[in-house]
Amino acid sequence: MRYAIYFTPRQDEPLARIAANWLGRDPFGAATRPVEAVGELSAAEVAFHTASARRYGFHATLKAPFRLASNETEGALRAALDDFAEATPVVTIPRLVVSQIDGFFALVPEGLLPALNRFADDVVRDFDRFRAPLSEAEIERRSPDSLKPDEFRNLCQWGYPYVFETFRFHMTLSGRVSSQESPRLRAAIDSLFAQVLQRPVTVDALTLFVETEPGAPFMVLSHHALGRRPARKTA
């Protein structure tokens, strides 16, 4: 079993609904759904290009998938998420845009957002005590020979290459796409997401995902709203 700490919009938000339809899966407990044709892409083409992203569900990685440390429990992790979330203000992304990163398509902030990066840094640092050290096999799966020195250092120290100075907030929409197919896929994504991307996106929660066994789809386990909750009234 592995856990991951992600950001994902609430299930009923337009961005979440559109992304679930595009990927063919809602990570909030819903089963895989048939994808539909979009623009010039057939349903089969959409299904092919979204296959790798579908398993993880629509999200932005904050703390990459990890096995739980032997001295920690799921209950302690969820309690720590509650405490962290209560003490952490929301971050607003004025606009997400479609971008291609290392061959795959994703939604990324239009400009630099230091507050968002600080938030991500805090998540990586504060929850590292819950992460079991990577095994040799897990390190090898990251193709360490292809990583830059700072990425390899991050992998060894934090369990993921793309944190702190190498972090880039992104919400993945596809697997790697060839240069020949990229224009058609970009046009389909633009047509589907154009309207919803006119609105700001509020990073207002941490969501704990779980992979119950190797290769299983990641599912939402718990949702932790950011910002201090009003004090309860007592008699």
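The values are calculated or read from the model by the stated rules, or taken from the named source; none is laboratory data. Because the structure is predicted, anything quoted here is derived from the model rather than measured. Neighbour counts run over all protein chains shown; Cβ positions are idealised from the backbone, glycine included. The accessibility values were calculated without ligands, DNA or RNA, using every heavy atom of the protein model including side chains. Shrake-Rupley method; radii C 1.70, N 1.55, O 1.52, S 1.80 Å.
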Subject >> The listed residue being at pLDDT 95 or above and out of contact with any His (no Cβ under 8 Å at 6 or more places or on another chain), out of 209, 193 >> reply: 193
Subject >> Flag if residue 153 is more than 21 Å from residue 113 (Cβ to Cβ) and without any contact (Cβ under 8 Å) to a residue 12 or more places away in the chain >> reply: yes
Original post:
Consider residue 34 against the criteria (1) under 23 Å from residue 214 (Cβ atoms); (2) open to solvent by 10 Å² or more (accessible area, probe 1.4 Å): it satisfies all of them except one. Which criterion is unmet?
Top reply: (1)
Subject >> Residue check for residue 53: assigned to a helix (DSSP H, G or I), open to solvent by less than 60 Å² (accessible area, probe 1.4 Å) and without any contact (Cβ under 8 Å) to a residue 24 or more places away in the chain >> reply: no
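For (1) assigned to a loop (DSSP other than H, G, I, E, B); (2) over 30 Å from residue 70 (Cβ atoms); (3) over 16 Å from the mean Cα position of the chain (by Cα); (4) among the small types (Gly, Ala, Ser), each residue gets a yes or a no:
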{"position": "3", "(1), (2), (3), (4)": "no, no, no, no"}
{"position": "9", "(1), (2), (3), (4)": "yes, yes, no, no"}
{"position": "12", "(1), (2), (3), (4)": "yes, yes, yes, no"}
{"position": "18", "(1), (2), (3), (4)": "no, yes, no, no"}
{"position": "21", "(1), (2), (3), (4)": "no, yes, yes, no"}
{"position": "45", "(1), (2), (3), (4)": "no, yes, yes, no"}
**OP:** Pull up the stretch 57-69, narrow it to residues that are farther than 17 Å from residue 163 by Cβ and modelled with pLDDT of 95 or more, then point me to the one that is nearest to the chain's Cα centre (by Cα).
**Re:** 58
**OP:** State which residue pairs qualify: first residue under 25 Å from residue 191 (Cβ atoms) and inside the stretch 1-24, second residue surrounded by fewer than 21 Cβ atoms within 10 Å (Cβ to Cβ) and among the small types (Gly, Ala, Ser) in any location, beta carbons under 6 Å apart, and separation of 6 or more residues or different chains.
**Re:** 9/16
